[in-house]
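**Student:** Sharing a structure here in structure tokens format.
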Amino acid sequence: MTSFLIRGRPRHATAHIRVRVAHAVLGAVAGVWWLVLPVTTAAARVPVPPATAAGRQDGTSVADLVLPFTAVAVVLALAGYGRLRRTRRARTRTTPGTVPAPPPAPGPAGSERQARAALRLADDCVRTSREELSFVRERFGEQRTEPFTHALRAAETELAAAFAIWRRYEQGLPQDPGARQQALAGVIGRCAEAGRHLDARAPELDRLRGFGAAAEGLGAALVVAEGRFRELTARTVTAQHTLADLRQRYAPSATASVSGYVEQAKDRLVFATTRLNEARQAADAGDPGRAVGRLRAGEGAVAQAELLVDGVERLAARLREAAALAPAARTEADTRPPAPHPTPAGPEPHRTADAEAEAPAGPCEGARVPVAGGGPGDPLDVLRRAAGRAAGAGPGVLEDAALLVARCALAGAEEFVAVHRGAVGVAARARLAEAARELGAGHAGRADAAARQARELAERDVRAYGTPYAGPDGDTAGLAGALLGGILLPEFPDAGTPAAFGGPTTRSRHHA
């Protein structure tokens, strides 16, 4: 492959060629004239003046050297003039005759890596923007924040389309290599468009919040963040008691999805305490830039702690609802012929040995086994098995059961990915997006299966990630959790840059 791409002859190419030809002809004529001049002089018998001591050196007169020096000077002048014209033309050219070739297009493997990176970055930007916008909306209301809500929805739409294209690509569609390359380009383009929607509104959001040079809006923003922090502190204590009660009433599998949520919420609140206090101190010291960065980090931690506490409260409500619905669903399922449990297209989720051991021969028998103390087992699992046995049966108790199970699985996977997004890869995020599409299309069984697979893949990513950002003396005020949750951006070595509302070019604009 050549290193230059010829786009065609420049507008004045013909004139330039004529000038060069004229230069060459003139130089040739001067050279020939110099060569034949002695011959013509001798033939004409032109008298030569007698040599003098000053005018002759080694048998050569001064007159003999004039013509060669003149010819050389003419040639050098023509060459310099031509070079000057070429340099000037290159500097002022608007339609170049040759341009550097674009970098070679990446192969399929390179395009896949770019698409994965674009999906992950766009998903992080959307999640962070959603978290910050919740604080802005609480302070300014729905009407004044509508432009930012609209931008966020547009970004979510583009991201959902990108994940849909990516999922088809994973499934081998389209099959033509050229079309597959175009599909990857579509994924990257959709993700870029999602980022542009958010980038375009980020400066306006800062102006609304009063985060200018003086940051006059810091005080009001801190009041909102600190108010939510205090409310969450009380709710976290309540969630701890709620979870303990659920573990007494239900089987371990019923509460496995929120295992560790209370501890993680406390960790985020510890980090929020530190950052919000530092924001206050920086604001009082007249350092608005640092104050805004610390505020954003504290807001992110509060938002994630709220998600974790919401997860415990949501599960408690869903378990109560499932326990009330389970007897009717089990009875209806036992009267219908068996149906295969629907699964999403693509690779099957990994089944552990414990999961295989728990699967009973009948659809609902395993959920009837009480736990120690007479507990009811896992009512969500009862509904899942009942709905799977009569998949596609139409409206009724089983459809309600399937929707309840799918919504619970989707919400649990969404919470887990949101608060661990620093470690979660594209595979889990793509399955999560697929679960949302399936649920929106009314395919509850497929949505449930895709959500559970997303959760499993995300947990696997977190296990592989570990806690590499703990300080030399252990975790420092929740720093590892903040990096794991994507509250702080790990690409900055000082770990002090928080993620903010915006796309790839604006999300790191606040430096603490």
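**Student:** Report yes if some residue within the range 258-270 is crowded, with 18+ Cβ neighbours inside 10 Å, in contact with a His (Cβ under 7 Å, 6 or more places away or on another chain) and part of a helix (DSSP H, G or I); otherwise report no.
**Tutor:** No, that holds for no residue.
**Student:** Here is a further query. So, of the residues in the range 234-246 that are out of contact with any Lys or Arg (no Cβ under 7 Å at 6 or more places or on another chain) and of a type in the set (Ser, Thr, Tyr), which turns out to be surrounded by the most Cβ atoms within 10 Å (Cβ to Cβ)?
**Tutor:** Thr242
**Student:** Here are Arg86, Arg130: which of them is within 28 Å of Leu222 (Cα to Cα) and either modelled with pLDDT of 95 or more or outside any loop (DSSP other than H, G, I, E, B) (or both)?
**Tutor:** Just one listed residue meets the conditions, Arg130.
**Student:** Just wondering, is there one or more residues in the range 223-240 that are assigned to a helix (DSSP H, G or I) and in contact with a Ser or Thr (Cβ under 6 Å, 6 or more places away or on another chain)?
**Tutor:** No, there is no match, as no residue in the range 223-240 is assigned to a helix (DSSP H, G or I) and in contact with a Ser or Thr (Cβ under 6 Å, 6 or more places away or on another chain).
**Student:** Out of Gly195, Gly186, which single residue is open to solvent by less than 60 Å² (accessible area, probe 1.4 Å), farther than 30 Å from Val258 by Cα and out of contact with any Gly (no Cβ under 9 Å at 6 or more places or on another chain)?
**Tutor:** Sole residue among the options that is open to solvent by less than 60 Å² (accessible area, probe 1.4 Å), farther than 30 Å from Val258 by Cα and out of contact with any Gly (no Cβ under 9 Å at 6 or more places or on another chain): Gly186.
**Student:** Let me ask you something else. Which of the residues that make up the range 419-430 are open to solvent by 10 Å² or more (accessible area, probe 1.4 Å) and assigned to a helix (DSSP H, G or I)?
**Tutor:** Val426, Ala427
**Student:** Among all residue pairs at least 6 apart or on different chains, which show Cβ distances below 6 Å where the first residue, located in the range 442-460, is under 16 Å from Ala411 (Cβ atoms) and in contact (Cβ under 8 Å) with a residue 12 or more places away in the chain and the second is hydroxyl-bearing (Ser, Thr, Tyr) and open to solvent by 10 Å² or more (accessible area, probe 1.4 Å)?
**Tutor:** Within 6 Å, the pairs are Ala449/Thr343.
**Student:** Out of all the residues in the range 322-337, is one or more within 30 Å of Leu403 (Cα to Cα), more than 37 Å from the chain's Cα centre (by Cα), outside any helix (DSSP H, G or I) and not polar (S, T, N, Q)? Step through it out loud before you land on a result.
**Tutor:** At the first step, the residues of the range 322-337 found to be within 30 Å of Leu403 (Cα to Cα) are 322-337.
Cutting the leftovers down to more than 37 Å from the chain's Cα centre (by Cα) gives us 323-337.
Now restrict to residues that are outside any helix (DSSP H, G or I): 335-337.
Now restrict to residues that are not polar (S, T, N, Q): 336-337.
Taking every residue of the range 322-337 in turn, at least one turns out to be within 30 Å of Leu403 (Cα to Cα), more than 37 Å from the chain's Cα centre (by Cα), outside any helix (DSSP H, G or I) and not polar (S, T, N, Q).
**Student:** What do you reckon, is Arg290 touching a residue at least 12 places away in the same chain (Cβ under 8 Å) and of a type in the set (D, E, K, R)?
**Tutor:** Values: touching a residue at least 12 places away in the same chain (Cβ under 8 Å): yes; of a type in the set (D, E, K, R): yes.
Yes.
**Student:** Consider the range 281-308. How many of its residues are charged (D, E, K, R), assigned to a helix (DSSP H, G or I) and open to solvent by 10 Å² or more (accessible area, probe 1.4 Å)?
**Tutor:** Residues in the range 281-308 being charged (D, E, K, R), assigned to a helix (DSSP H, G or I) and open to solvent by 10 Å² or more (accessible area, probe 1.4 Å): 4 in total.
**Student:** Next question. Which of the residues that make up the range 450-468 are assigned to a helix (DSSP H, G or I) and either polar (S, T, N, Q) or open to solvent by less than 10 Å² (accessible area, probe 1.4 Å) (or both)? Reasoning before the result, please.
**Tutor:** Kept after step one, since they are assigned to a helix (DSSP H, G or I), are these residues of the range 450-468: 450-465.
Once the filter is applied, which keeps residues that are assigned to a helix (DSSP H, G or I) and either polar (S, T, N, Q) or open to solvent by less than 10 Å² (accessible area, probe 1.4 Å) (or both), the range 450-468 yields Ala450, Ala451, Gln453, Ala454, Ala458.
**Student:** Let me ask something else. Given the criterion open to solvent by 40 Å² or more (accessible area, probe 1.4 Å) and touching a Lys or Arg at 6+ places or on another chain (Cβ under 6 Å), identify the matching residue among Glu321, Glu278, Glu231, Glu313. Outline the logic, then answer.
**Tutor:** Values: Glu321 fails: touching a Lys or Arg at 6+ places or on another chain (Cβ under 6 Å); Glu231 fails: touching a Lys or Arg at 6+ places or on another chain (Cβ under 6 Å); Glu313 fails: touching a Lys or Arg at 6+ places or on another chain (Cβ under 6 Å).
From the options Glu321, Glu278, Glu231, Glu313, the qualifying one is Glu278.
**Student:** Got at least one residue in the range 389-407 being in a loop (DSSP other than H, G, I, E, B) and modelled with pLDDT of 95 or more?
**Tutor:** No, the range 389-407 contains no residue that is in a loop (DSSP other than H, G, I, E, B) and modelled with pLDDT of 95 or more.
**Student:** Okay, next question. Could you please find all residues in the range 160-174 being in contact (Cβ under 8 Å) with a residue 60 or more places away in the chain and of a type in the set (A, V, I, L, M)?
**Tutor:** Across the range 160-174, the qualifying residues are Ala160, Ala164.
**Student:** What single numbered condition from (1) among the acidic types (Asp, Glu); (2) more than 30 Å from Asp448 (Cα to Cα); (3) under 28 Å from the mean Cα position of the chain (by Cα) fails to hold for Asp287?
**Tutor:** Of everything listed in (1) among the acidic types (Asp, Glu); (2) more than 30 Å from Asp448 (Cα to Cα); (3) under 28 Å from the mean Cα position of the chain (by Cα), Asp287 misses just condition (3).
**Student:** Would you tally the residues in the range 205-218 being open to solvent by less than 60 Å² (accessible area, probe 1.4 Å) and in a helix (DSSP H, G or I)?
**Tutor:** Counting residues in the range 205-218 that are open to solvent by less than 60 Å² (accessible area, probe 1.4 Å) and in a helix (DSSP H, G or I) gives 5.
The values are calculated or read from the model by the stated rules, or taken from the named source; none is laboratory data. Source: prediction; values computed, not measured. Backbone-built Cβ (ideal geometry, glycine too); neighbour counts: all protein chains shown. Please note that ligands, DNA and RNA were not included when accessible areas were found on the heavy atoms of the full protein model with its side chains. Shrake-Rupley method; radii C 1.70, N 1.55, O 1.52, S 1.80 Å.
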